Amino acid sequence: MRTRLSPVLAFTITAGLLGSCGVTPNTGTFDERQRLHAECMSSLSEFQAADPSLSQRMDSAYAYAIFPRVVNAAIGLGGAHGNGEVYQNGRLIGYADMSQGNLGAQLGAQKYAELILFENERPLTDFQHCTVEFDARGSAVAAASGSAAAADYSHGVLVFSLPETGLMLQAAIGGQKFRYTPAAEWMGPASPAPSPMAP
């Protein structure tokens, strides 16, 4: 199922997606960050419901980033954008945004959640410094029962997607760019976060 997209909306979403990485992401107001947090917790619960084996993979991961609502829109020029949170040892350590652009004959819109697991310190540091690179042909693993148990890290990262029903099977991750800012810059020392992955 494809959703028709107005030219104005497509331009709004795709414009500026490939800006320089060094700019701090806009984390919004306190209320907006609270809403983002609630969306992240809800999204993590949905990932767990789709694939219970994901809980163990998250427990063993060095850290993870969750983007609860990535919008992928296209009208000739395509792009995607989403805001998210980054966690380590059960604590919120930062905020991030993701942007992605591509060219080609395309029309439509998709929405999905994206979860990125970091295997060790190096890929997390690369992510925080905006130097994580995904293979241009890469796709996220679609969250489904047992998929996490069989999935392998690639260059220290493992990416899962959770699409809205009927919109897509997998999310292409090639060309994604990230910006990161520590949570401490907005809220003081890293704060404990609820654990939606607990049984």
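Every number in this text was worked out from the coordinates using simple rules, so none of it is lab data. Fair warning: this is a prediction, and the values are worked out from it, not measured in the lab. All Cβ positions, even for glycine, are placed from backbone atoms using ideal geometry, and neighbour counts span all protein chains on display.
Which length gain, in nm to one decimal place, applies between ALA149 and GLU46 when the Cα-Cα distance is subtracted from 0.36 nm times their residue separation?
In short, 35.4 nm is gained.
Amide H of ALA171: which non-local residues (sequence gap of 5 or more, or other chain) have their own amide H closer than 5 Å, using H built in the peptide plane?
ALA140
Place the peptides 64-70, 139-145, 150-156 in order of packing, highest mean first, counting for every residue the other Cβ atoms within 10 Å and averaging per peptide.
Sorting 64-70, 139-145, 150-156 by mean packing, highest first, produces 64-70, 139-145, 150-156.
Output the peptides 123-130, 110-117, 31-38 sorted from most to least packed, where packing is the average of other Cβ atoms within 10 Å over each peptide's residues.
The packing order, highest mean first, is 110-117, 123-130, 31-38.
Would you mind computing, in nm to one decimal, how far apart the modelled labels at ARG122 and ARG137 are, each placed 7 Å from Cα along Cα→Cβ?
Simple spin-label model gives 2.3 nm for this pair.
Given a Förster distance of 22 Å, report the FRET efficiency between ASP59 and ALA38 from their Cβ-Cβ distance, rounded to the nearest 0.05.
According to the calculation, E is roughly 0.45.
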